[in-house]
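Working notes, beginning with the structure itself.
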Amino acid sequence: MPETRFYLQCEGTLARRAYSLLDGAFEEDGLAISIFEVDEASDVHEVSVYALEDPANVKARMEEILAAVPGLPEISAEELPAVDWVAHSLKGLGAVRAGRFFVHGAHERGQHRPGEMPIEIEAGLAFGTGHHGTTSGCLEMIERVLKAERPRNALDLGTGSAVLAIAIAKLAHIPVLATDIDDVAIKVAHENVRLNKTARLVHTVAAPGFHHPTFRAWKPFDLIVANILARPLMRLAPTMAEHLAPSGSIILSGILDRQRRAVLAAYLAQGFRHVNTLHREGWVTLHLKH
Ligand SMILES: C[S@@+](CC[C@H](N)C(=O)[O-])C[C@H]1O[C@@H](n2cnc3c(N)ncnc32)[C@H](O)[C@@H]1O
């Protein structure tokens, strides 16, 4: 069934207010709602509501709810491609090799080389096919860290397609908590986790940042991977420190080359030390330790 995405773009404070009103109002309906930063420099955020059924009614309710927030732009709409279309586009992209990981779609199943670790990802509506420099940087860094360390558990914050959580589970055979602010991403993540036979190890949960009771049961983490953007990463630095075990490792990405210093400074201030940086296609991936 096609899905309609209703969305609007505006500055951060307005967007967060709109997100929180929509989230509260649509909670009972089980509609997926997301917010993400479109452009960090100009603080533009996008808030989306995904409607599988009765889009006209969803839009009317959104307009009613958002009337309480003056200054918001008109709501735009787009019909989302069916999953088949996404699978087709993934086919056009081809498989990706990052370290010893071979990230591929169903059409490339079985095409990995000896010694490679295959991860099958049907992208669906979530980020993380391995094609982006941040994902491939994280995959390479995960391999490096797991060569040197034996974590007992891990967190993949902002899991998207769950590609990184699956990589950790397959390589280290440890429990991984995979979280995302976006309910749609979590659905895709869960399907990919099952597809890769890692459901015994990877637990998927929808949560913004560290806001979910499940974190209390899991912490501290020996390894945290977070491929989100520079600003949220900087904001999360103190909470990351709180959730990381002594001598634990943290892998951060979603950071542009020019943002590296600022993100590093935020983490050094929390007592982290820098171990290594990987540069991929204008993006950096950092490895830090407590
Ligand atoms: C760049 S994608 C990374 C996906 C995947 N981990 C990868 O490396 O390819 C970032 C993901 O983080 C999620 N995200 C952004 N901010 C978040 C937050 N504060 N808490 C949890 N998830 C967040 C987004 O919804 C998105 O799925």
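Quick notes
- Elements of type strands (runs of 3 or more DSSP E) in the range 1-64, at least 1 residues being open to solvent by 50 Å² or more (accessible area, probe 1.4 Å) and at pLDDT below 80: 32-39
- For residue 127: the one exception among (1) modelled with pLDDT of 95 or more; (2) within 18 Å of the chain's Cα centre (by Cα): (1)
- Selection from the range 216-233 of residues that are without any contact (Cβ under 8 Å) to a residue 60 or more places away in the chain and surrounded by 19 or more Cβ atoms within 10 Å (Cβ to Cβ): 233
- Qualifying residue in the range 250-262 (condition: of a type in the set (Val, Ile, Thr), at pLDDT 95 or above, out of contact with any Asp or Glu (no Cβ under 7 Å at 6 or more places or on another chain) and in the same structural domain as residue 142 (by TED's automatic domain parsing)): yes
- Filtered by the rule that a residue be open to solvent by 50 Å² or more (accessible area, probe 1.4 Å), under 13 Å from residue 174 (Cα atoms) and within 15 Å of the ligand (Cβ to nearest atom), the range 195-215 gives a lone residue, 203.
Residue by residue, here is whether (1) touching a strand residue (DSSP E or B) at 6+ places or on another chain (Cβ under 9 Å); (2) in a strand (DSSP E or B) holds:
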residue	(1), (2)
199	no, no
203	yes, yes
233	yes, no
236	yes, no
242	no, no
251	yes, yes
261	no, no
275	yes, yes
284	yes, yes
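- Some residue of the range 144-158 being within 12 Å of the ligand (Cβ to nearest atom), assigned to a helix (DSSP H, G or I), open to solvent by 60 Å² or more (accessible area, probe 1.4 Å) and touching a strand residue (DSSP E or B) at 6+ places or on another chain (Cβ under 9 Å): no
- Looking only at residues of the range 171-188 that are assigned to a loop (DSSP other than H, G, I, E, B) and more than 9 Å from the ligand (Cβ to nearest atom), we find that the one that is nearest to the chain's Cα centre (by Cα) is 175.
The values are calculated or read from the model by the stated rules, or taken from the named source; none is laboratory data. These numbers were taken from a predicted model, which means no experiment stands behind them. Quick reminder, even Gly has a Cβ in these numbers, built from the backbone with ideal geometry, and neighbours come from all protein chains shown. Note: accessible area is taken over every heavy atom of the protein model, side chains too, but ligands, DNA and RNA are not part of it. Shrake-Rupley method; radii C 1.70, N 1.55, O 1.52, S 1.80 Å.
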